[in-house]
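J.: Structure below; questions to follow.
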Amino acid sequence: MLVFRNEIRTQLNHRSAIHNAVEVGTNLMVCVAQDFCKGKAVEEPALVKKLLELSDSKTEHLPSLLPLVPGMPVIITQNIAIELGLINGMNGIFRQLVYDLDSVSTDSLSKTFPRRALPLVPAYSITTHKSQGQTLNKVVIDLKLPKDTDDIAAVYVPLSRVKRSSDLVILRHFDYEVLLIKPSKSQVAEMQRLDKLYIEAQVRFSEWF
């Protein structure tokens, strides 16, 4: 599922994880991020609440609440082990959570509040930005653009992720005018460049696809 806004992506991923857990008859696991200030864990309730309400777009993509269900799709959000192919943007499937505090890294999000969290986000839904360069078999697309966007031609990105119109479904009502604006030559050239890089990456790192 492709959307333009991180907030919508997060809501859809949380709902999909809950539905998936119910469907397979298992308990939903939720990993809660731990924030720090000057080396000590933040414990003030009001501050904890404020930090956990931050969008992961403001926390270097370390989610405040990470729902986990065995078998769910995920995306790695930081480089973990480049030599093993565990890199930022890599798709994967969550299988099992191993409780080992020593294996969880702490990454500084700012000079004041470091955060300890798993560098993963659910991938039931992803932003159109993350989908650039990919070819998808089936996709649900949200074509309702954010009010503050100045790039209406950006709808070309999600619509071009599939090869046939029968492989996509529109999530909800949208302004039909966005389909009347053609992408610029530079946008088309950039999309073609990204598509080429994606194909080259598939060939070069076929074991990861």
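Bear in mind that the values in this text are calculations on the coordinates, not laboratory data. Treat the numbers as computed from the prediction; the structure is a model and nothing was measured. Positions of Cβ are backbone-derived with ideal geometry, glycine not excepted, and every protein chain shown enters the neighbour counts.
J.: Averaged over every viewing direction, what's the projected area of the C-alpha convex hull for the range 2-125? Give it in nm², one decimal, please.
T.: One quarter of the hull surface, i.e. the mean projection, equals 8.3 nm².
J.: Under the rule of -39500 (n - 2.57) per DSSP H run of 4 or more residues, summed and divided by the residues of the chain, what mean residue ellipticity at 222 nm is obtained, to the nearest 500 deg cm²/dmol?
T.: The helix contribution divided over the chain gives -8000 deg cm²/dmol.
J.: So how much slack lies between residue 38 and residue 19, counting 0.36 nm per residue of separation and subtracting their Cα-Cα distance, in nm?
T.: 3.0 nm
J.: Right, another one. Distance in nm between label sites at residue 192 and residue 116, each 7 Å beyond Cα in the beta-carbon direction?
T.: Spacing of the two 7 Å Cα→Cβ label points: 5.1 nm.
J.: Right, next: Under the definition of Cα pairs under 8 Å and six or more residues apart, what whole-number percent is the relative contact order of the chain?
T.: 23
J.: Could you check which residue among 68, 47, 12 shows the biggest mean-square fluctuation in a GNM of the chain with a 10 Å Cα cutoff?
T.: So, out of 68, 47, 12, the one fluctuating most is 47.
J.: Using r as the Cβ-Cβ distance of residue 46 and residue 97, and R0 as 22 Å, what FRET efficiency do you calculate, to the nearest 0.05?
T.: 0.15
J.: Sticking with this one: So who's got an amide H within less than 5 Å of the one on residue 35, skipping anything under 5 residues away but keeping other chains? H placed 1.01 Å off N, in plane.
T.: Amide H neighbours of residue 35, under 5 Å, 5+ apart: 42, 116.
J.: Counting GluC sites (Glu not before Pro) as exposed when in a DSSP loop with at most 14 other beta carbons within 10 Å, what is the longest stretch of the chain free of them?
T.: Of all site-free stretches, the longest is 54-209.
J.: Say we join alpha carbon atoms closer than 10 Å with springs in a Gaussian network model of the chain; which of 16, 184, 55 then has the biggest fluctuation?
T.: Answer for the Gaussian network model of the chain: 184.
J.: Can I get the semi-axes of the chain's equivalent ellipsoid? Compute them from the C-alpha gyration tensor as square roots of 5 times the eigenvalues, in angstrom, largest first.
T.: 31, 20, 18
J.: Taking other Cβ within 10 Å of each residue's Cβ, how do 162, 3, 188 sort, fewest first?
T.: 188, 162, 3
J.: Now, a different point. Exposed loop sites here are trypsin sites (Lys or Arg not before Pro) in DSSP loop states with at most 13 other C-beta atoms within 10 Å. What is the longest stretch of the chain lacking them?
T.: 39-94
J.: Starting at the first residue of the range 55-61, write each ³J(HN,Hα) from the Karplus equation 6.51 cos²θ - 1.76 cosθ + 1.60 with θ = phi - 60°, in whole Hz, x for Gly and Pro.
T.: Couplings: 5, 5, 6, 9, 10, 6, 6 Hz.
J.: Which residues' amide hydrogens lie under 5 Å from the amide hydrogen of residue 145, considering only partners 5 or more residues apart or on another chain, with H built in the peptide plane?
T.: Excluding prolines and chain starts, which carry no amide H, the hits are 175.
J.: When the chain is modelled as a GNM with alpha-carbon springs shorter than 10 Å, which of 30, 74, 98 fluctuates the most?
T.: So, out of 30, 74, 98, the one fluctuating most is 98.
J.: While we're here: Sequence gap at least 6, Cα distance under 8 Å: using those rules, report the relative contact order of the range 1-104 to the nearest whole percent.
T.: Computed over the range 1-104, the figure is 22 percent.
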